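Below is one structure, written out as structure tokens; the observations come after it.
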Amino acid sequence: MKAWKKILYALISGTILVSCSTTSRLGEGEVLYTGVKKMKIEPEEGVEVPGSVTSQVRSTLSVPANNSLYAPYIRSPFPIGLWVYNYMKPSKNTGLKHWIYEKLAKEPVLISTVQPELRLRVVQDILNNNGYFGSKTKYEILYNKKNKKKARINYWVEIAPAYTLDSIYLPENNTRLTQIIDSIYSRSPIQPGTRYCLDSLASVRNNVTQVVRNMGYYYFRPEYIEYLADTTQKDQRVDLKLILRKGIPAEALKAYRVGKINISLPSASGKGEWDTIRQRDMTVAFQKPIHLRKSVLPQNILLHTGQYFSVNQENLTQTKLTRLGIFRSVSVNVTPLDSLKGKDSLDVSIETPFDIPLEASLEANVSSKSNSYLGPGLVFGINHRNIFGGGEKLSVKLNGSYEWQTGGGSSKGKSSLFNSYEIGLNSTLSIPRLLGLKFMPHSRRFDTNTNFQLGANLLNRPHYFRMASFNISYGYDYQSASTRFHNLTIAKLTYTKLLNTTEAFDKTMEENPAIAMSFSNQFIPTSSYTYTFDNRQREKNDRWVWQISGTSAGNILWSIMEVFGKKGEKKLFGSPFSQFIKGTNEVKYYHRIRTDNWLATRLLIGAGYAYGNSKQMPYSEQFYIGGANSIRAFTIRSLGPGSYRPPADDSYGYFDQTGNFKLEANVEFRFKIAGNLHGAIFVDAGNIWLLKKDPLRPGGELNAKTFLKDIALGTGIGLRYDISMLVLRADLGIGIHTPYENPDKKSYYNMTSFKKSLAFHLAIGYPF
């Protein structure tokens with residue numbers, strides 16, 4: 001107990017020292033940096049400066065101080081890291097005090113470590129590299145009046161007019177290589193009159209190198225092109241001369257063709273008798289037995305003997321072979337530089353040892369499906385990565401999940417911890433090419449898959465029903481660019497059947513025929529397309545994700561039956577089938593604020609409409625709102641449609657809270673707390689509505705007059721713990737406004753009480 005008393009005393013002492021100095025451990029002449037007071041970046045009159053340049057300047061000067069809130073200007077009034085550093089230094093490397101010191105202590109940021117003079121020299125280099133020669137910079141250190149060991153900094157940057165390119169001289173056009181270089185530069189952004197910019201010059205040089213290396217000049221490098229800039233001839237003008245560096249190896253100036261292509265295919269075990277065959281212009285050595293179709297290598301090796309060697313083709317070959325997923329590794333090697341004397345071609349050797357085709361996996365996940373059932377689950381999968389010898393992947397997965405809820409809601413009026421479960425067996429066959437869809441625009445650099453799926457699921461919801469569903473589908477996944485993803489489902493057929501229901505559930509369905517129709521035994525034949533734009537790989541600080549999807553159900557089948565004279569309600573195998581259209585449009589934007597902070601936003605709009613053979617969309621296809629990944633101040637399916645609210649004594653009102661139109665908007669600020677622990681502050685808004693008036697759900701239809709009042713609003717805070725493979729998330733939502741009226745609260749804030757406005761969610765992964 002005595003040890004704990006000492007530790008407690010140390011903690012209390014540290015708290016008391018809040019008002020004490022944060023400079024007590026500074027040495028003689030050391031000054032604590034407390035941020036920037038003013039940063040003035042002013043172009044001279046008439047001078048236009050791109051935002052990218054000023055951003056580079058600001059970034060160079062924006063050094064965060066200790067306990068910075070808004071770098072480099074605003075600091076927290078509670079410099080905990082400095083307090084711990086100054087007053088809790090442990091005497092030994094063990095114990096709680098040492099642990100606290102290691103986790104919380106922050107070394108002071110000093111003026112001497114910021115080095116303002118050096119930073120202004122870097123700023124000067126940035127401006128010179130962008131053509132703003134003659135710009136002026138200065139700084140001032142502002143010492144704290146009460147404590148001379150603290151200081152802030154003022155920066156001034158005056159940007160001079162930019163220098164522009166005047167004359168551009170290219171190498172003499174007397175060889176194939178110089179002709180290519182001349183052709184590229186004549187079409188490049190580097191033209192007379194443009195602003196001198198070192199980054200642009202480097203970018204064009206890299207582009208030139210890439211082009212010539214794809215035209216046989218395998219050993220050519222960017223540094224072989226040099227720029228000579230002369231700023232002395234004309235005022236604010238630059239004469240630019242491009243030359244090929246002296247001493248370039250002769251091999252780098254020579255265009256090579258593809259020579260011999262040798263491929264080695266060791267078995268997964270490394271055992272087996274070796275054999276050799278010829279395929280196209282390739283010599284293939286392999287260990288028997290081999291499970292590989294003859295067409296696989298010619299389809300995926302893009303280098304051909306006799307053609308000019310292309311680095312792009314070399315890289316694409318490696319990418320395509322790796323993407324097959326059947327090789328442990330892929331190594332592509334060409335004739336080294338020191339072995340090229342007297343040769344006109346580059347020999348290629350490819351070594352691709354086979355990987356073990358079978359693998360088993362066990363995953364823990366949280367599923368979020370269109371039918372709204374949420375819950376942690378387990379997925380056991382068996383995958384065969386080369387089922388037919390061409391990289392075809394067969395996956396068979398057995399999944400089980402459950403859902404729980406807190407609070408009332410069961411048919412007996414009691415909370416139920418384990419109130420539903422779902423089990424399913426699903427298989428997918430993925431073929432790494434577009435079968436029957438060769439005309440579709442796609443890039444050979446990215447994955448292309450034809451998918452066949454077959455599955456069965458059983459959903460058991462105590463006090464309600466048991467439902468079985470069966471599905472079969474055929475579709476494609478492919479990319480047309482690094483940022484563009486496509487999912488096309490040509491045909492999917494789902495059959496849902498209620499196996500048994502409770503008496504209370506049947507009674508509820510009788511009272512609400514519209515809901516009952518959505519639960520009826522039926523076929524759901526659909527075709528769908530989803531387009532996704534995601535620039536994650538291109539942008540580090542700003543990410544855009546745009547996803548638009550559309551689903552058409554039953555229309556093709558209905559049209560065929562109409563052509564053959566089938567009138568009235570149409571059935572498939574004796575059961576009616578659904579007919580509807582459905583679409584969603586979702587935009588997400590993420591902006592990085594400093595290193596570990598993000599502002600994340602989302603806007604989602606969705607609509608569905610049943611017609612023809614259906615009066616209602618299937619229950620599984622309708623929209624819902626609320627829950628851990630939606631408006632977190634409200635539990636799942638506790639809002640809408642519109643201002644409708646089920647009677648308090650209706651245990652089955654849960655089923656009423658679906659709609660055909662959905663609008664949802666979310667804003668979340670994510671910030672780092674310590675280590676892998678992050679926090680979040682969020683605001684969520686939205687609702688669902690009906691597109692057709694339902695007398696049993698008054699106020700549920702979409703109405704322009706009540707639209708704004710119908711939007712639910714909530715805020716809250718959350719914690720996220722990132723363990724690299726997954727993110728554990730806890731959110732506490734606080735309700736602000738409900739779409740349904742509260743007789744006791746007539747204002748916009750119409751929650752019954754603060755306590756009843758709270759909703760707590762545990763989840764895996766980010767909400768969006």
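Every number in this text was worked out from the coordinates using simple rules, so none of it is lab data. It should be emphasised that the depicted structure is a prediction, and the values quoted were computed from it without experimental measurement. Every residue, glycine as well, gets a Cβ built from its backbone with ideal geometry; the counts of neighbours run over all protein chains shown.
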Determine the relative contact order of region 274-347: mean sequence separation of Cα pairs under 8 Å and six or more apart, normalised by residue count, in whole percent. 17 percent
Loop-located GluC sites (Glu not before Pro) in region 524-604, at most 15 other Cβ atoms within 10 Å (DSSP): Glu539, Glu569
Exposure-ranked with fewest Cβ neighbours within 10 Å first, Lys709, Lys260 stand as Lys260, Lys709
Could you tell me what fraction of 2.2 N^0.38 Å the Cα radius of gyration of region 635-768 comes to, as a two-decimal ratio? 1.18
If you place +1 on the Cβ of every Lys and Arg and -1 on the Cβ of every Asp and Glu, how big does the dipole about the Cα centre of the chain come out, in debye to the nearest 20? 1420 debye
Per the C-alpha gyration tensor (a ≥ b ≥ c, the square roots of its eigenvalues), region 101-218 is rounded if a/c is under 1.5, else prolate if a/b beats b/c, else oblate; here it's oblate
So what is the relative contact order for the chain, in percent, with contacts set as C-alpha pairs under 8 Å and at least six apart? 5 percent
Counting only DSSP beta bridges with both residues in the chain, tell me the antiparallel percent, nearest 5. 90 percent
Which net charge results for the neighbourhood of Phe380, defined as the other residues with beta-carbon distances under 9 angstrom from its beta-carbon, given Lys and Arg at +1 and Asp and Glu at -1? 0
Whether the chain is rounded, prolate or oblate, judged on the alpha carbon gyration tensor where a/c under 1.5 counts as rounded: oblate
Loop-only chymotrypsin sites (Phe, Trp or Tyr not before Pro) in region 726-758, please: DSSP not H, G, I, E or B, and at most 10 other Cβ atoms within 10 Å. Tyr748, Phe754
What is the local net charge at Asn206, summed over the other residues whose Cβ is closer than 12 Å to its Cβ (Lys, Arg +1; Asp, Glu -1)? +1
For Phe533, Phe446, Phe623, what's the fewest-to-most ordering of other Cβ within 10 Å of each Cβ? Phe533, Phe446, Phe623
Out-of-range pairs (alpha-carbon distance over 21 Å; input Lys97/Lys146; Lys615/Lys692; Lys497/Lys662; Lys492/Lys588; Lys38/Lys145): Lys97/Lys146; Lys497/Lys662; Lys492/Lys588
Cβ-based net charge around Ser520, under 11 Å, with every Lys or Arg adding one and every Asp or Glu removing one: +2
